[in-house]
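Asker: Below you will find the structure I want to go over with you.
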């Protein structure tokens, strides 16, 4: 049975991109409080790690995080299929293949952005993943090209290959990936954004769900892009200014005040504290909650001071809110 579009992240109007050392389970729980209807993604994890981990640590998540996608790295169809089956059993709503990471380590392992040069192999991977994932949609995240293949025709060929293999959505970072000479961080900023390439892809393949990623930082920008594509994926903006998620949330259940979110995170942290999680592992994702508000720096510094406190003492988070921020929307 085909999954309903409303049940998986790529079908959401707004989603949060997979970000290494950012979108762990604590971050995702926090983001879910802010945006009940947004799509959330795990950090990228290699398919081999998922298959070999006997404790299932790469699949652990709270049911409240859903709709949730597991992002896999790799290029071995067999391993990706095994990892996809495990992800489906663990309750993930979508399995996403990374074909856009420009890291040299990733490239050395023959996955990430270099897979844009091998659309046939990516199609094999998608086919294998779909066969193993049951009714879970399989999607792909990529870039508009690489410095070796920057032309639109190559993006179109790649997109047609994954569409023909049954991928149900393609998330596209609107920059090329420079595979030599730029760090992953520089690849997020140096190559120019080319939104028109993503818009054109949607026009050329109207039957394929296309999600735009890259440089989006406001609700107004989201609304502008949605006129051309099916969804928008936020990256660093959602992390540095997470209240943006609440501002553009589709759900009436979105919080009206930041303090509501802090109180909910206190309850979450207390539960996590029973397993020895330090408070800082949770609050590091919350530092930007008051971004742009007078007193935001005091909030950040107070959280940092209490990072080593056991999470079962999470009520201290409420004391970190300066009086000037108590009524912040």
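Asker: Checking residue 212 against (1) closer than 16 Å to residue 17 by Cα; (2) in contact with a strand residue (DSSP E or B) (Cβ under 9 Å, 6 or more places away or on another chain); (3) in a helix (DSSP H, G or I), which single condition isn't satisfied?
Answerer: With (1) closer than 16 Å to residue 17 by Cα; (2) in contact with a strand residue (DSSP E or B) (Cβ under 9 Å, 6 or more places away or on another chain); (3) in a helix (DSSP H, G or I) applied to residue 212, the lone miss is (3).
Asker: For the structure I just gave you, tell me whether residue 182 is in the same structural domain as residue 104 (by TED's automatic domain parsing), farther than 28 Å from residue 93 by Cβ and touching a residue at least 12 places away in the same chain (Cβ under 8 Å).
Answerer: Judged against the criteria, residue 182 is a match.
Asker: I would also like to ask the following. Which of the residues belonging to segment 123-141 are in a loop (DSSP other than H, G, I, E, B) and out of contact with any strand residue (DSSP E or B) (no Cβ under 9 Å at 6 or more places or on another chain)?
Answerer: Listed by number, the residues that qualify are 134, 135.
Asker: Would you call residue 42 at pLDDT below 95, under 18 Å from the mean Cα position of the chain (by Cα) and closer than 28 Å to residue 208 by Cα?
Answerer: When the stated conditions are applied, residue 42 does not pass them.
Asker: Considering each residue of segment 291-329, count those that are touching a residue at least 40 places away in the same chain (Cβ under 8 Å), within 20 Å of residue 237 (Cα to Cα) and surrounded by 13 or more Cβ atoms within 10 Å (Cβ to Cβ), and give that number.
Answerer: Qualifying residue count, segment 291-329: 2.
Asker: I need a count of the residues in segment 171-189 that are more than 19 Å from residue 151 (Cβ to Cβ) and in a loop (DSSP other than H, G, I, E, B).
Answerer: Residues in segment 171-189 being more than 19 Å from residue 151 (Cβ to Cβ) and in a loop (DSSP other than H, G, I, E, B): 5 in total.
Asker: To continue, here is another question. Can you give me the ranges of the strands (runs of 3 or more DSSP E) entirely in segment 1-120 with at least 1 residues that are farther than 17 Å from residue 162 by Cβ and in contact with a helix residue (DSSP H, G or I) (Cβ under 9 Å, 6 or more places away or on another chain)?
Answerer: Once the strands (runs of 3 or more DSSP E) in segment 1-120 are filtered for at least 1 residues that are farther than 17 Å from residue 162 by Cβ and in contact with a helix residue (DSSP H, G or I) (Cβ under 9 Å, 6 or more places away or on another chain), what remains is 14-16, 68-73.
Asker: Can you tell me which of (1) closer than 19 Å to residue 33 by Cβ; (2) under 18 Å from the mean Cα position of the chain (by Cα); (3) buried (at least 22 other Cβ atoms within 10 Å of the Cβ); (4) at pLDDT 95 or above is the one residue 213 doesn't meet?
Answerer: Exception for residue 213: condition (1).
Asker: Kindly indicate the residue of segment 265-290 that is touching a residue at least 60 places away in the same chain (Cβ under 8 Å) and assigned to a helix (DSSP H, G or I) and also farthest from residue 243 (Cα to Cα) among those meeting that condition.
Answerer: Of everything passing the filter in segment 265-290, 272 is farthest from residue 243 (Cα to Cα).
The values are calculated or read from the model by the stated rules, or taken from the named source; none is laboratory data. No experiment lies behind these values; they were computed from the predicted model shown. Every residue, glycine among them, receives a Cβ derived from its backbone with ideal geometry; neighbour counts consider all protein chains shown.
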